[in-house]
Amino acid sequence: MSDPQSLTQLFALDSLLEPEEIQIRDTVRKFSNERIRPHVAQWFEDGKLPARDLAKELGALGVLGMHLEGYGCAGMSATAYGLACLELEAVDSGIRSLVSVQGSLAMFSIHRWGNEEQKQEWLPRLASGEAIGCFGLTEPDFGSNPAGMRTNAKRDGDDWILNGTKMWITNGSIADVAVVWAQTDDGIRGFVVPTDTPGFSAPEIHSKMSLRASVTSELVLDGVRLPASAMLPVAKGLRGPLSALNEARFGIVFGAIGAARDCLETAIDYAQSRAVFDKPLAAYQLTQAKIADMAVEVGKGHLLAYHLGRLKDRGELRPEQVSVGKLNNVREAIAVARECRTILGANGITLEYPVMRHANNLESVLTYEGTSEVHQLTIGKALTGEAAFR
Ligand SMILES: Cc1cc2nc3c(=O)[nH]c(=O)nc-3n(C[C@H](O)[C@H](O)[C@H](O)COP(=O)(O)OP(=O)(O)OC[C@H]3O[C@@H](n4cnc5c(N)ncnc54)[C@H](O)[C@@H]3O)c2cc1C
C-alpha cells in the first residue's frame, strides 16, 4: 500500500496559484474548519444561523466584499475571492450564501451602481459585518424571468413609494439594508432600502429541506416611502441586477466545487476505515471506480474555476463563460454528493456526516443565481446565436 494522495496533489492544483492566494485559501479554510464546521450540522438541524455574530467574524476575516476596492473592502483578486467561497462552501453552502449575498449582490450593487453618499453610508458597515445586506429581485411569480416583476416604485413629489413582494430572499429578515429592484416609469431601477423604513417587513420562510443554515425570507413592501436619494443612480434596466448576479455566480463556480471536495474527502476517508466483507470498502474496484470518476470531475471543476478566475482578474470574463462554470460545477457537485452518499451507506443519510447536507444544499444552489436550464439557454444562445428563452 502506498501513501494516499490528496485531490490537490493529484491535479497539482497549487501549482496554479500564487503564494498569496494559497495563504488566503488556507486562512479561510482554517476559520471555516475551526469556527463553522463544529457547529454547522446543529445549525442546519435547528434551521437557525447565528448570522449577526458570524457576519462580524466574516467581516474581521476580510471576506465580505473582499474583491471590491475601497470603503473598508479588502480589494483582493477575483481568484482569491473565489478560493474563499470554495473554502466556505466546503463547510456549508449556507455560509457561502451569506457571504455571496452580502458581498456580490448587496455590496457590489451599491459599489458599482450607487452614489458616493450610498457607498459611504453602507459599504464600510457591510464590509465589517456590522450591517447585513440582502438583494431583492425574485418575486413569487417571477424568478427566471425577472423582467416581468410587479414590484413598483412611483413618484410622490421628490419621494418614491415602493409596493410589492419579493420572494426567496437570502438574509432578508436579518438585513439592515435591502437592495430592491422595482418597475418605474423609466424601466427597472434599484433602491437602497433601510429595513427599518415603515411599510417594510421580511417574514422568514421556514420548512426548507435545503440551505437550513441560511436565512431565507419574503420581502413585503407596503407603501415604503423613500427619499429621491435612495435610488441607485447608475443602474437602468436589468443590466443592474444581472451584473450583480454574474458576480455571485462566479463565487458559486468555486463554492460548489468546495462542497463536492468535502463530500469526496469524507467518502474516501469513510471507505478507508469501513470494513465490508472483511476488508476496507476502499479496497474494492467498484468503490475505486466511483472515487476515481468523482475525483476527475472535482479536479476538472477546480481547473475550470481557476481558469474563470484568471479571466475575471484580467477583465476578460464574459457572462456566458460564468454560465459554463455554474452549470458544470453545480451539476457535477450534486452528482458527486449523491454518489458519495452511496459510499457512506446508511450513515450517509445522517447529519453526522456532511454529505447529505451538502447534497440538499446544492439543490438550492442549482436553482438560485440562474437555474441550470437558464444557463443552458445562455450557453445555447452564445453558441447558436438563437435566443430560446421564450
Ligand atoms: C434558498 C434560496 C435562496 C435564494 N436567494 C435569493 C436572493 O437572495 N435574492 C433573489 O432575488 N432571489 C433569490 N432566490 C430565488 C432564485 O433566484 C429563484 O428561485 C430562481 O431564479 C428560479 O426562479 P423560480 O424559483 O421562480 O423558478 P421558475 O422561474 O418558476 O422556474 C421553474 C423551472 O422552469 C425552468 N425554466 C424557466 N424558464 C425556462 C425556459 N425558458 N425554458 C425551459 N425551462 C425554463 C427553470 O429552470 C426551473 O426548472 C433564492 C432561491 C432559493 C431557493
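Figures for the structure shown
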{"quantity": "Principal-axis tilt of helix 19-31 within the chain, Cα atoms, nearest 10 degrees", "calculated": "90"}
{"quantity": "Highest-MSF residue in the chain out of Leu317, Leu362, Leu219 [GNM, Cα springs under 10 Å]", "calculated": "Leu317"}
{"quantity": "Rg(Cα)/(2.2 N^0.38 Å) for the range 188-253, N = residue count", "calculated": "1.37"}
{"quantity": "In Hz, Karplus ³J(HN,Hα) per residue of the range 331-343 (6.51, -1.76, 1.60; θ = phi - 60°; x = Gly, Pro)", "calculated": "4, 5, 4, 5, 4, 5, 4, 5, 5, 4, 4, 5, 5"}
{"quantity": "For the range 300-390: relative contact order, % (alpha-carbon pairs under 8 angstrom, 6 or more apart)", "calculated": "28"}
{"quantity": "Karplus (6.51, -1.76, 1.60) ³J(HN,Hα), θ = phi - 60°, over the range 308-317, in Hz, Gly and Pro reported as x", "calculated": "5, x, 5, 4, 5, 5, 8, x, 10, 6"}
{"quantity": "Sequence of Glu339, Glu57 once ranked by neighbouring C-beta atoms within 10 Å, starting from the fewest", "calculated": "Glu57, Glu339"}
{"quantity": "Two-decimal ratio, the range 42-112, of alpha-carbon radius of gyration to 2.2 N^0.38 Å", "calculated": "1.10"}
{"quantity": "Likely footprinting exposure, Phe277, Phe31, fewest C-beta neighbours within 10 Å first", "calculated": "Phe277, Phe31"}
{"quantity": "Charge-dipole axis of the chain as Lys and Arg at +1 and Asp and Glu at -1 on Cβ define it, positive-most pick from Asn347, Ile24, Val193", "calculated": "Asn347"}
{"quantity": "Alpha carbon centroid spacing (whole Å) that separates the range 171-191 from the range 50-109", "calculated": "21"}
{"quantity": "Pairwise FRET efficiency - Arg310 versus Asn33, Cβ, R0 = 30 Å, nearest 0.05", "calculated": "0.65"}
{"quantity": "Tilt relative to the chain, helix 37-46 - C-alpha long axis, 0 to 90 degrees, to 10", "calculated": "60"}
{"quantity": "Efficiency of FRET between Arg318 and Met209 - r from beta-carbon atoms, R0 45 angstrom, step 0.05", "calculated": "0.85"}
{"quantity": "Pairwise label distance in nanometres, Val234 with Thr342, each label 7 Å out on the Cα-Cβ vector", "calculated": "4.9"}
{"quantity": "Enclosed volume per residue, in Å³, of the convex hull spanned by Cα atoms of the range 347-390", "calculated": "79"}
{"quantity": "Evaluated over the range 119-245, the Cα radius of gyration and Dmax, each in Å", "calculated": "13.9, 45"}
{"quantity": "For the chain, diffusion coefficient by Stokes-Einstein and Kirkwood Rh (Cα), 20 °C, 1.002 mPa s, µm²/s", "calculated": "100"}
{"quantity": "Likely footprinting exposure, Glu69, Glu116, Glu87, fewest C-beta neighbours within 10 Å first", "calculated": "Glu116, Glu69, Glu87"}
{"quantity": "Förster radius 30 Å - calculated FRET efficiency between Leu351 and Ala60 (Cβ-Cβ, nearest 0.05)", "calculated": "0.60"}
{"quantity": "Computed over the chain: relative contact order in percent, which uses C-alpha pairs under 8 Å that are six or more apart", "calculated": "18"}
{"quantity": "Listed residue (Phe142, Ala228, Ser15) projecting farthest to the positive dipole end of the chain, Cβ model", "calculated": "Phe142"}
{"quantity": "Histogram of C-alpha separations across the range 42-181, 5 Å bin width, %", "calculated": "2, 10, 18, 21, 19, 14, 10, 4, 1, 0, 0"}
{"quantity": "Span per principal axis, largest first, for the Cα atoms of the range 239-390 (Å)", "calculated": "59, 26, 26"}
{"quantity": "The range 230-259-the range 326-390 distance, computed between alpha-carbon centres (Å)", "calculated": "19"}
{"quantity": "Net charge dipole size for the chain [Lys, Arg +1 and Asp, Glu -1 on Cβ; Debye, nearest 20]", "calculated": "540"}
{"quantity": "Hz values of 3J(HN,Hα) by residue in the range 297-304 - Karplus curve (6.51, -1.76, 1.60), Gly and Pro given as x", "calculated": "5, 5, x, 4, x, 4, 4, 5"}
{"quantity": "Separation of the Asn152 and Leu16 label points, Cα + 7 Å toward Cβ, nm", "calculated": "4.9"}
{"quantity": "Extended-chain gain in nm, criterion 0.36 nm per residue less alpha-carbon gap, Ser6 and Arg52", "calculated": "13.1 nm"}
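None of the figures in this text is laboratory data; all of them are computed from the coordinates on show. What you see is a predicted model, and the numbers here were worked out from it, not measured in a lab. Counting neighbours? That spans all protein chains shown, and the Cβs are built from the backbone with ideal geometry, glycine included.
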